[in-house]
Amino acid sequence: MKVTIVGTGYVGLVTGACFADLGIDVTCLDTDSDKIDALKAGVIPIYEPGLDAIVERACAAGRLSFTTRYEFAIPDADAVFIAVGTPPRSSDGQADLSAIMASAATIAPLLCGFTVVATKSTVPVGTSSRIETLMRRAAPEADFAVASNPEFLREGAAIHDFTHPDRVVLGVDDRRAAEVLREIYAPIEAAGVPVLVVDRSTAEIAKYAANSFLATKIAFINEVADLCESTGGSVDAVAHAIGLDHRIGPDFLKAGPGFGGSCFPKDTQAFVKTSEALGVRQRVVAAAIHANEARKLHLVERVVEASGGSLAGLRVAVLGLTFKAGTDDLRDSPSLVVVPELAKLAREVRAHDPAGLMRAREQIEGPVFCADLRKALDGADVAVLLTDWPEYKAMDLVEAAGLMTGRVLVDLRNALDIAAATAAGFSVFGVGRSEVRGAAPVERMTAIRRARTAVQAAE
Ligand code: UDX
């Protein structure tokens, strides 16, 4: 079995490496020659824990190769998986399919023998048919079948999610395509993973529905958190109580700053826009998108409130910039909105992230970026945790308090140990918790502000 993957992002490269690890002969293709040169040199251009070892193992076994040349990668393939980006169109928010269509047009005339062309990328319902029409026109003699094989990989957990999926979804309208794809996934099916063979539209809708549901679940618990903050409840306890209901489940009920990433924001938007273009309203998902966007500025107000009503004259340390822990990705991260707003209000913002600083420097205006957490905390009046990295959970709170001038800790992931933070002298403000733990900081912040203003006036 020979497989070609078009696109070497975190979906394409993970898919190619894991297929090769299953014993399949894989060629990963990308038109970005820098990426391919790096991969040929053993350098992994994306941050995905565990991927480098799998790529190295597969290359050593001679089952994984890299190229920029379609004419090398397509003719021998039994299946071609298209895993290129489908970013939102700036004009209307629908998925931009230009890369998908360009790839399909290039593939068609190079096909040799029956080949399955499957989309891995998240594509609006009806895309498989559009790809098929385009390919038939480009290569009327070619023998192929277009399929939809959506992925459900989480960044930072992509290897696990590929090797231990909850299910494999194969959207086909050709028996031969089903046979080829089931052969490719046979080892995963043999491990007991359900392999669903459905029509192509069902597969395409299932992907958007999955991401839209998960995003809506997060937006929902975040608004439950708002209610808890005004009534004395604990959102973590509410999440636990409802999550024990097997119809709800405990996952994706962690309140925080809102969902971000390369998928949820774009997929929810595309789901709504694609539906609307077909005359169908997605009111629930549209509301989740709106709630998620509004939350980011609401969080800035929470930080101001926790700091005694103003950030003027104060120094703020921001812990975490990536959209979640375990990735270097800042796409649609809450930090892209929250940090510039804080920088407008505060005297200075210092920002730290264990993996995302390089990308943050390109995408966020306003803060001083600190590679050393202690530097970010040094002299800060307020600390704001935006991403629940393990190193923040493990940080020495007594040392942190000793470095800071103020004692306000706004934990927007409820990631830190409240008792330890309070014992270290912090006033802890979380998400979905009404009580402030520790001494009310208003007087202290006012005193600090006055002192700083006096110092600035003297300078
Ligand atoms: C998501 C889907 O989980 C995955 O199946 C799909 O293939 C791609 O999109 P990903 O975007 O990598 O994966 O990250 P995920 O772990 O799902 O988190 C998405 C966002 O939701 C992050 O901003 C995260 O911080 C947030 N989140 C997640 C919460 O706020 N609370 C939660 O309980 C879970």
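The values are calculated or read from the model by the stated rules, or taken from the named source; none is laboratory data. Fair warning: this is a prediction, and the values are worked out from it, not measured in the lab. Heads up, the Cβs are rebuilt from the backbone with ideal geometry, glycines too, and the neighbour counts pull from every protein chain shown. The protein model used for the area step is the full one, side chains on, heavy atoms only, and it has no ligands, DNA or RNA in it. Shrake-Rupley method; radii C 1.70, N 1.55, O 1.52, S 1.80 Å.
At-a-glance table
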item: Exclusive hit being open to solvent by less than 30 Å² (accessible area, probe 1.4 Å) and either more than 21 Å from I82 (Cβ to Cβ) or out of contact with any helix residue (DSSP H, G or I) (no Cβ under 7 Å at 6 or more places or on another chain) (or both), set L253, L244, L214; result: L253
item: Which numbered condition A41 fails, given (1) touching a residue at least 12 places away in the same chain (Cβ under 8 Å); (2) open to solvent by 50 Å² or more (accessible area, probe 1.4 Å); result: (1)
item: Residue count, the range 98-118 (criterion: without any contact (Cβ under 8 Å) to a residue 60 or more places away in the chain and either open to solvent by less than 10 Å² (accessible area, probe 1.4 Å) or within 16 Å of the ligand (Cβ to nearest atom) (or both)); result: 5
item: The range 229-265: number of residues that are within 13 Å of the ligand (Cβ to nearest atom) and either in a loop (DSSP other than H, G, I, E, B) or modelled with pLDDT under 95 (or both); result: 16
item: Residue tally, condition open to solvent by 10 Å² or more (accessible area, probe 1.4 Å) and either within 20 Å of V408 (Cβ to Cβ) or within 10 Å of the ligand (Cβ to nearest atom) (or both), over the range 312-328; result: 7
item: Single match in L321, L357, L297, L342 (criterion: over 24 Å from Q269 (Cβ atoms), touching a helix residue (DSSP H, G or I) at 6+ places or on another chain (Cβ under 9 Å) and aliphatic (A, V, I, L, M)); result: L342
item: Check on K217, out of contact with any Phe, Trp or Tyr (no Cβ under 6 Å at 6 or more places or on another chain), of a type in the set (D, E, K, R), under 30 Å from T163 (Cα atoms) and within 11 Å of the ligand (Cβ to nearest atom); result: no
item: Qualifying residue in the range 150-172 (condition: within 12 Å of the ligand (Cβ to nearest atom), in contact with a strand residue (DSSP E or B) (Cβ under 7 Å, 6 or more places away or on another chain), under 21 Å from L13 (Cβ atoms) and open to solvent by less than 20 Å² (accessible area, probe 1.4 Å)); result: yes
item: Criterion violated by L403 - all others in (1) in contact with an Asp or Glu (Cβ under 6 Å, 6 or more places away or on another chain); (2) within 19 Å of P257 (Cα to Cα); (3) hydrophobic (A, V, I, L, M, F, W, C); (4) open to solvent by 10 Å² or more (accessible area, probe 1.4 Å) satisfied; result: (2)
